[in-house]
Amino acid sequence: MPEHPSLFPEDESYFGLLNNLKQRIRSAQVKAALAVNQEMIALYWHIGREILSRQQAQGWGSKVIDRLAKDLKQEFPDVRGFSRSNLKYMRAFADAWPDWEFGHQLGGQIPWRHNCVILEKVKDREERLWYIHQTIENGWSRNVLVLQIESGLYQRQGGAVTNFDRTL
């Protein structure tokens, strides 16, 4: 009998170690992706807030977005996300969620393109919140989110007045 436990693949302790490490790696990957997403959402909100406030205070028109898109693409040619349409989404995001903490905490929990879909397809604030919460709870892909919005899920479920909570 060997002095040290064997680390051959048929050893149960090896499989336990391997499974534990795989789980930790996957967990770290998800946490890293969420952290990157939250930082990007924060950046996009701040860019949107700057555009919005300058347009309001200094009377800048929509042409400033075209110029910013061009100049940012020139400065950061390898970075995606500074297109004219995306800058408009950033402005709309900051306008929809003027409270930084609120927008960052909720909007940062779903991917940017999910936020864009919600901004584009849902105009009511409460309904937007509902779709964000549902996306977080259910892990909806962007396509599923679009289908749920287009099928009027909020009106069928979220917006329905019930006494379910009180009954419990």
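A Förster radius of 22 Å, combined with the Cβ-Cβ distance separating Q58 from D95, puts the computed FRET efficiency at roughly 0.85. Summing Lys and Arg as +1 and Asp and Glu as -1 over all other residues whose Cβ lies under 13 Å from the Cβ of N37 gives a net charge of +1. For the set D95, D78, solvent exposure ranked by accessible area (probe 1.4 Å, protein chains only) runs largest to smallest as D78, D95. When the chain is described by a simple charge dipole with +1 on each Lys and Arg Cβ and -1 on each Asp and Glu Cβ, the residue from H114, F93, G16 located farthest towards its positive end is F93.
Counting only protein heavy atoms and a probe of 1.4 Å, the accessible surface of the stretch 35-130 is 51% carbon and sulfur. The slack between E75 and L21, meaning 0.36 nm per residue of separation minus the straight C-alpha distance, is 15.4 nm. Only the Cβ atoms of Lys and Arg (+1) and of Asp and Glu (-1) were treated as charged; on that basis the dipole of the chain about its Cα centre amounts to roughly 880 debye.
Solvent-accessible surface of the stretch 1-139, averaged per residue with a 1.4 angstrom probe and all protein chains in place: 67 square angstrom. Report summary: the helix-based calculation at 222 nm, which adds -39500 (n - 2.57) for every DSSP H run with n ≥ 4 and divides by the residues of the chain, gives -23000 deg cm²/dmol. Rule-of-thumb check for the stretch 3-110: C-alpha Rg over 2.2 N^0.38 Å? So the Cα radius of gyration is 1.71 times the expected 2.2 N^0.38 Å. In this structure W112 has an accessible area near 20 Å², from a 1.4 Å probe over the protein heavy atoms.
Computed over the stretch 87-133, the percent of Cα pairs more than 16 Å apart is 24. Hydrodynamic analysis of the stretch 72-111 uses the Kirkwood radius over alpha carbon pairs. Inserted into Stokes-Einstein at 20 °C and 1.002 mPa s, it gives a translational diffusion coefficient of 189 µm²/s.
Computed from backbone phi with θ = phi - 60° and the Karplus coefficients 6.51, -1.76 and 1.60, the 3J(HN,Hα) list for the stretch 39-56 is 5, 5, 4, 4, 4, 4, 5, 5, 4, x, 5, 4, 4, 4, 5, 5, 5, 6 Hz; x is used for glycine and proline.
When the pairs K88/K123; K31/K88; K63/K88 are compared against a 22 Å limit on Cα-Cα distance, K31/K88 fall above it. Along the stretch 15-32 the Karplus relation, 6.51 cos²θ - 1.76 cosθ + 1.60 evaluated at θ = phi - 60°, assigns HN-Hα couplings of 4, x, 4, 4, 4, 4, 5, 4, 5, 5, 5, 4, 4, 5, 5, 5, 4, 5 Hz to successive residues, with x for each Gly and Pro.
The values are calculated or read from the model by the stated rules, or taken from the named source; none is laboratory data. Just so you know, these numbers come straight off a predicted model, no measurement behind them. Every residue, glycine as well, gets a Cβ built from its backbone with ideal geometry; the counts of neighbours run over all protein chains shown. Quick note on the areas: whole protein, heavy atoms, side chains included, nothing else; ligands and nucleic acids left out. Shrake-Rupley method; radii C 1.70, N 1.55, O 1.52, S 1.80 Å.
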